Structures are given as C-alpha cells and as structure tokens.
1. As a test question: what accessible area, to the nearest 10 Å², does B:HIS94 have when a 1.4 Å probe is rolled over all protein chains in place?
2. Using a 1.4 Å probe on the protein heavy atoms, what percent of the accessible area of chain B belongs to carbon and sulfur?
3. Output wanted: per-residue J couplings in Hz (rounded whole) for the range A:87-94, from phi through Karplus 6.51 cos²θ - 1.76 cosθ + 1.60, θ = phi - 60°, x for Gly and Pro.
4. Which one of A:MET56, A:SER43, B:GLY48 is farthest out on the positive end of the charge dipole of the protein assembly as shown, using unit charges on Cβ (Lys, Arg +1; Asp, Glu -1) and the Cα centre as origin?
5. What number, rounded to the nearest 500 deg cm²/dmol, is the helix-based mean residue ellipticity at 222 nm of chain B, given -39500 (n - 2.57) per DSSP H run of at least four residues and division by all its residues?
6. Quick one: what are the phi-derived ³J(HN,Hα) couplings along the range B:593-598, Karplus 6.51/-1.76/1.60 with θ = phi - 60°, whole Hz, x for glycine and proline?
7. If you add up the charges near B:ALA629, with Lys and Arg at +1 and Asp and Glu at -1, over every other residue whose beta carbon is less than 13 angstrom from its beta carbon, what do you get?
8. For the range A:5-48, what is the accessible area per residue in Å², given a 1.4 Å probe and the full set of protein chains?
Amino acid sequence: MYEFDFERPSTIAEAVAALATEDAQALGGGQTLIPTLKQRLASPSKLVSLSGIAEMKGISADGGTVTIGGGTSHAAVAAGAGAYPALAALAGNIGDPAVRSRGTIGGSLANNDPSACYPSAALASGATIVTNTREIAADDYFEGMFTTALEEGEIITAVRFPVPDAAAYAKFEQPASRFALVGVFVAKYADGVRVAVTGASEDGVFRWTEAEEALSANFSVDAVAGLSASADGLISDLHGDAAYRAHLIGVMTKRAVAAAS
Amino acid sequence: MPKDNGIGASPKRREDVRFLTGRGKYTDDIQLANTSYACFARSDVANGVIKSIDTSAAEAMPGVLAVFTGEDFVEVGGNPAGWAISSRDGTPMHEPKRPVLAHGKVRHVGDAYAAVVAETPEQARDAAEAIEIDIEEQPAVIDMAAALSGSTFVHDEIGTNQCFDWGWIEDNREATDEAIKNAPHVTTLELINNRVVPNAMEPRASIGDYDPGTDEYKLYTTSQNPHLTRLLISAFVLGIPENKLTVVAPDVGGGFGSKIYHYGEEALVLAAAKKLARPVKWTASRSEAFLTDAHGRDHVTKIELACDKEGNFIAFRTETLANVGAYLSNFSTATPTFLHGTLMAGTYTVPNVYVNVKTVFTNTAPVDAYRGAGRPEATYSIERVIDKCADELGIDKIEIRRKNFIQPDQYPYTTPVGLSYDIGNYDALMDTLERRLDVAGFEARRAESAANGKLRGIGINSYIEACGIAPSNLVGQLGSRVGLYDAATVRVNATGNISVMVGAHSHGQGHETVFPQVVAEMLGIDEASIDIVHGDSSKIPFGMGTYGSRSLAVCGSAVVRATEKIINKGKKIAAHMLEASDADIELVDGQFTVAGTDKSVGFGDVALKAYIPHEFPLEDIEPGLEETAFYDPANFTYPSGAYGCEVEVDPETGKVDILKFVACDDFGNVVNPMIVEGQVQGGLGQGIGQAMLEVGTYDADGQLTNGSYMDYAMPRADDMPQMVVDHSNGTACTHNPLGVKGCGEAGAIGSPPTVVNAVVNALRSAGHDVTHIDMPLTPSRVWAAMNG
C-alpha cells in the first residue's frame, strides 16, 4: 500500500472533522478497503478508522424496530440481533469468522458491493440509513453498483430496521468468494411484502416488484412458483451468466419464502 | 497391536511440531544482515514489442540501489527445457530462449521486464511503478486452435506457435487408424482438461547472497529440488560454477510441481547480490503467484474408443492440443508427452493405441507439471470415454472395465504405448471399491435422493499411473536431458545416532518422519535417534529432488542401499570386536550377534568403535561409519486404483454435492499408513478442486480474469466429501527394495473423472441427454447442461 496518515477518533464529531482532509477516507472493518490498498488500487491521504467510536456500536430493539450502530460487526449482529432473526442469520453467514469479526454493517452498506448481503436486508426491510447529517430511506439510498446516496465525508452512524412479521434470506454462494451469486431477502410486513435481490444486477441491489405483488397477495411458495425474473441488466461473469442468475432469483425467492413461512 | 516403530507404523509427523507451532522456517523468514529487496516490473499486456524502457526516474527514487532490465542479461543463458522432444517428422522441437528478464518482447501478463532493488520492499515497489515502458501491443495469442492457424506469434523468430507435433507411438498410427475404421463401435468424446493454478500455500520467494571474499554465492529459494535448481543456474543460465553456488530450499510450503522449476527471479536475486555485494530478497505476492507460477493441465483432447458390441476394447486414439504457455518451463515438454501418452492404455488390454499431441505456445503463463502431470490428463480422457461408451452400448460401468482389465497372470505387461507394468490386480481393487462404496445399495440411495428432490449419481474410475520417476537410461532415450536417480548418505555418528542426508526434498510429504522409519526398521533401532537432512546442496548428496511421486520409491531406495552398506561395514567391525567371521554376524534388534551364540555387541558400540578405532584392523576396514548410495530405478512404479463416488445434484440450481468418495489404491508396501492416507486425501482435494471449482481463465486479451481468490475457487473444507481411503490391496513393486509405489499424486489423478462420471450419471438418470460436461462442474455449468 501507499503511505497514508491514520487517525482513530473516539467520537462521530471528531471523525467528521478528520474526514474533512482532502482525499481522506473512512475505514470501517476494512474488509474491502484494506485489500484495495494492498493492491495499490487506492491512495487515500488519510484513513479515519471508525472502530474506536463507541456511540456507533451496539444493537437495540424497541417497539418493533431494531437499531444497529454503523460500526457494529457482523458477528455482533449475528449474536445480538435476535429481535430480527432473519437479519441475525444473514449476518452470521457473511464471509468467514475473521470477516465477521472485522466487517461492519456501516462499511458494507457504504461500500454497496453488488454481491454483498446486507444491502438486500436493508432494502427488503425498508430500513433507514442514519448518518451524521440525515436519515435516508433504503429506497433512496442504493444508487447502483458501489454507489450510494452518501455524500463525501458522510458517515453511517446507525441503521434502523423495522422488524417484519416474517422474513428470510436465501443466498446462493459464488463458489470462490462466497459472496452472493444471487441472494434474495424476503420480508413480510402488515402493509405488504418486500423482496430485495443482491448479487445479480449490474445496478446492484434491487427490489423484485413482481414477486412483491404476488407475495403481498398470497405469501406462499406457490405464489412465486410461476414467476421468472428478467435477465435484462443482470451480471454475466465466470460464475454464471445473466440467464442463470435470473433463474436463481426465482429459486432463491421460493426458498426464502419457504424459510419465512 | 499395530507397530509403533519402523515400517508399517504410523508415528505422528515429527515435522508437524514446528509447522503447527509457527516455528517452520521458510525462505521469507530468513533475514540476513543488510538485506535489500527486489520488486519486479511486470507486463500488463499479453503480447507486445518493447520499444523502450526508461529506468531513470526509478533509479533516482529514494532507497533504490539498482535497476535491471533484460538488457543486463543478454549475455547469459536461457532457462532451458529439460526434455528434447521431436516431432513426428523427426524435426526437433522449437525451443525459444527464456531469458531472466523479458528482452525485446513481453509474452504474457506478468512477464517481468525489469527489476528494482532497494533498501525496503516498499521503496522497490514504488520505483518499479516509476519505470516507464513503451510497448507496441500485438494481438494476444490465447486460443490454441487459433494459435496454430494464425499469423501472430508468441515467438516471432520461430514463425509458428507450434512447439512440436508428437506421435506416440508413430508405428502404431496406421494400425490404430485401420482398427478404428473397421471397428463395430466407436465412441468419440471431445473434452477439455482445465488449466489450474497451483496455489501453493507459500508463494515463491528467493534470497540471493554473495560473498566477495570467497566469490561464493548462496541462494535460498522455494524449491522442490535444490540440486536441480543449482545445476540449471550453473550449467545453463548464469554460469556460476557449481562449487561456488549453494542452493538451500528450507521449509517450503507446498509445491505441487510449481516449485520444481527454475524461475528467472532466482537468477535475478543472485546477479543482483553480486552486483551490490549484499543479500537481495524477493517474495512473491499472491497476485504474482497467480500470474507467474507455472500452471497445470490445459489440454484440449479428442479421444476415440473403438470396441466390439460387447465392449471389448480394440483401440484408443487421441488428438490433443497441449498449452505450454509463453515459454518452455523445465518439464513442460515431457509432461504432455512421455508422462501422458505412455499412459493411454490405462489398466486395459487394448491392442491399438495412438496418441498425437501438438504443443502450442500462447500468451499465457507457462504450463508445466502439476500434481499428477500428464497422468491425470490421460486418465481423464480414457475414463470419460469409457463411461460414454458404456452408456452407448448399455453396458454396466464396472463390467465394461472389468472385462478389459489386464489380468494378474499377464505381468509383466507391455502396453502398446511403451510401458512395462510390473504388477497389479485391478479386479481386486474394484472388488474392494464395490464393497466400500456399497455399489449394490446405490439404487436404494438414489431413490432416497429422488424423494428429496435430488438427482443421485455414481461414478466409477480405474486409474493407473507411472511414477517413481525414473529410469535414467529409459528417459535418456526419450529425450530427458537429466538423469532421474536419487541419492542418500547415512552418517552414523560416534554416539550411535544417525543423520541421513537425502536428495529428496520434503515440502509437505513427511520425509522427516518416513525415512527414519525405513532406517530404523533395517537397523533395529529407535527411529527417534535418526534425523533427516534435506534441502541444502552443500550438505546433501546430488539427488534430483521431489516430484513425480518419487521420494520413497527412488530416494527411499537409495536410503536402503546406503543403510545396507552401513550394516555390512558394521558386521565387519562387530566381527572384529567379537573375534568372529563377518559371515557369521547378523543384525537383530539393533544387536550385532554371532549367529547361534549369545555373543553380541550393540549397534551403538559398533558406531563408537568406528570413530574411536583403537585396536581396530585399519589395514582392512576404514574408520568411520558413513555410506552413500545412488539409486537409479529399473522401471517406473505403477500405482493403480479403483475410485468411486456418489453425488447429489440439485436440479433447481445445478449445485453438486459429493456425498462420499472411496479411493482404493494399490501402493505396494506402505511404510506409514497415516501419511499415505493424508497424501491421498490431499490429492483428492486437488482433484476434486479441479473437477468442481478451479479453472484459470484468460480472456481474449490475455488477462487472467480470475487471478485472485475472489474469483478463483479453491476447495475449502466443506467442499470435501466423506473420504474413505483403502490401500489394503497392495501388490509389492517388483523392482525396488522396499516394494513401494508412489502415492503423492494418485488422488489428483483418479478423482476428476470419477466426479464427472458421477455427475453425468446423475443427470442422465433424470432423462437429460448429457454425455459430457467440461470441468469445473460449477453450478452454472451443470444447470446449463440440464437446460441446454
């Protein structure tokens, strides 16, 4: 990696101030950024570690909402988000133990890798992304592969998830990285069902509205058995072409519904 | 009670104590005083003419000590191919020079065209990025068939991308063609044996050191064969006299073939160390390992099997394109030829076999021997086409193999492709496989799977391989430029413990445990008093190293021969001490005893006498107790096996689970059953990796598109099935003193066709008209095969 300055502030305010430096970059768990730096594919002037900010860590459940600090590790969510079992299960199946111990929910959502797991949970849950300056609805947050509504220097301090009546995440793993080749998160709320798909689209996580409508009318595997997702705009790579991913969207949706039912 | 000492015992691997406690000492762990660091500037285009290289900015950067380009090595030799192969028309192979650093052209992504040496690794890397190169890019030569018909060349000076066009055996050609033309049935299969990246746990690393006071060089490097590396550097590349060059291969974290070869980085650090008169270290990144380690396999093959309607084999004929990459790596010409074509009769009595292999230069990393080296390619072709033939004729997969097996009373059996199998019993192996896989119960298990919505398949395979490489006279006739003996020195110390210096190098095989078992068995002493010395050319006799499952069969035989000499000399000394005749002395349980009496002296007393030779018949016996033996095998050893597995395919996703894998091998006598089991399991891991997960993929521009673990899938623990390893059917090798055969590569040879046969079987059982799927059998490929 190239040389950079390093700061590890203990408050959000200090972090925001530290990030004001030109080409400064926030460092969450570093699960994407550190390998990128080691490959010399990024050259930030300064890394501002968010790992020392106590107010960004932890999980609380209150009145049908689970709130997770942006600096909370996947392992902590897996162990502590029992109020939202599907979310805890998702977190517990990201990467391997080392990844889960370092990686954070805020880091994952800020990076918005098109194959990451968390974006599907946030979008399917209609979560609220809380930053140091504002609150962003998940529907407005994800803007495409590795692109979000975050402004320069903006930090995800927490994520609020409305707890659904039923939910499940079904992931089909890419054989090498074990990121989602296709992952489908299904969440059933009183006012309808939301279905979010990760891993599949060139535009990153998206909602499969056709399935949402079918499932909102009838939350059952049968309701989506006849649906097929469009292959338009889906990723084709070494691990599967667009047609295969489109097929897997249907299969994983059914499996998520079965697991949630 | 199982033995706890000597041959047949399974002591825990003594080397694991240091490996598992972090005390292994690998090349990168060696830190010489005043070390400097090398970083290589590598091409990011696959094929191009170097118009200019400007190193001035790099040279001016902080900490930079020297910058090298190909120009600095024009006067030294190239890294040679170890085997000379002739084409069918008698012309020699094309053998373009492989320079230390690219000169004039770059030929694959990762090809090093310059190197920087600096005070720190970071400074070296900064400066390497500052080197300016102007490359006139040319179209990349990637696809082998297109390479042979195209007009863009990897090596312009030879004017073709074909290295050679080899026929084996050319005299079989007409008869085989005729037999196939007239056969009642011919099964044809086209297949790809996928390119794999070796991915040893430890990336390559080298330290060059030079002492101006003595003009001596020392190279620490990740090698499977320090003497061979020294020979290549001395005799071919840098011309350093062998007596002035020491090569040390310390602990090495896996090789799988990729660390047999000499690489340019080793020459660079030596040359740089001399220029700077200080140590120069280089350690590959994982990315460099992907781009520059010699890859494995990469064959495209058409195979035909001719037989009668009952499935009695008449002929095999193959046409193969074998990728050698951008340069000829040291064994790259032997691997697709004599390690492949000679195995194309398998375990079968087939009267006609003809093999044609065209090797092709492409703008990709060099391709060379990788665990199994040619024999996996042969086994895959044979065992896949047999399965297809059985399906076409409606014959049971086991029955068609059994009816063509060479029978025990036919040994020694000379195949139509030039090998003489000394011994084996393929039906016995198949019997054990049927029992341990419970083949009879398969249909019931298939029904259970079906009830769960899964397609269950069974795959059967019979492999044979030729290893324990190799008889020097034979391989010399076939084009080898080296001998393939090995050597051992047994040094009994004055206090009776023993150091055994061996030419074989252990980088995962467990030699430090196994060789002492052999010596302990012969001498009747505790193996704990015996240690192995390996890896340092200044300490060990000239042996050829470890590859081709040769360590025990060849080097172990040298250990036996040297130990026999120790015993003979010990008898003479004991006879003197006991005032008896040599001929009456026997060695039993570590005691030299006068036969039929209770007069004896211990092994330790004899050792002490040898080194303190008072009252010693110096006119008849030299003092000391140290003996060396070189052993050149009379033949290859021929391990064989019956492998089987069961898979379940998820028809919705194409995902394959291997439920159980049974490997029944004939390794002859087994010295350490636990280590043999581990070797087979490791081989299965690599074979299953190739079958299910791995493929090095270049795009049309010559970029390795999966050069990291994000996209290159290595097998993980949960990709591995339940494994049953059985070696109860050993038929002792007839020509080496231990009766052993090689076991290191078997798993990687026998498993890929077993897995593919099982998956095809599963799909066909559900009515899918699938005859073949190319490896790796990723979910998307299997799903596409079902929904094609």
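1. 70
2. 49
3. My calculation for the range A:87-94 gives 5, 4, 5, 4, 4, x, 10, 7 Hz in order.
4. Farthest along the dipole direction, towards plus: A:MET56.
5. Helix-only estimate at 222 nm: -8000 deg cm²/dmol.
6. Coupling constants for the range B:593-598: 10, 6, 3, x, 10, 9 Hz.
7. Net local charge, B:ALA629 excluded: -1.
8. 54
The values are calculated or read from the model by the stated rules, or taken from the named source; none is laboratory data. Remember, it's a predicted structure, so these values are computed and weren't measured experimentally. Positions of Cβ are backbone-derived with ideal geometry, glycine not excepted, and every protein chain shown enters the neighbour counts. Keep in mind that these areas ignore ligands, DNA and RNA; they rest on the heavy atoms of the full protein, side chains included. Shrake-Rupley method; radii C 1.70, N 1.55, O 1.52, S 1.80 Å.
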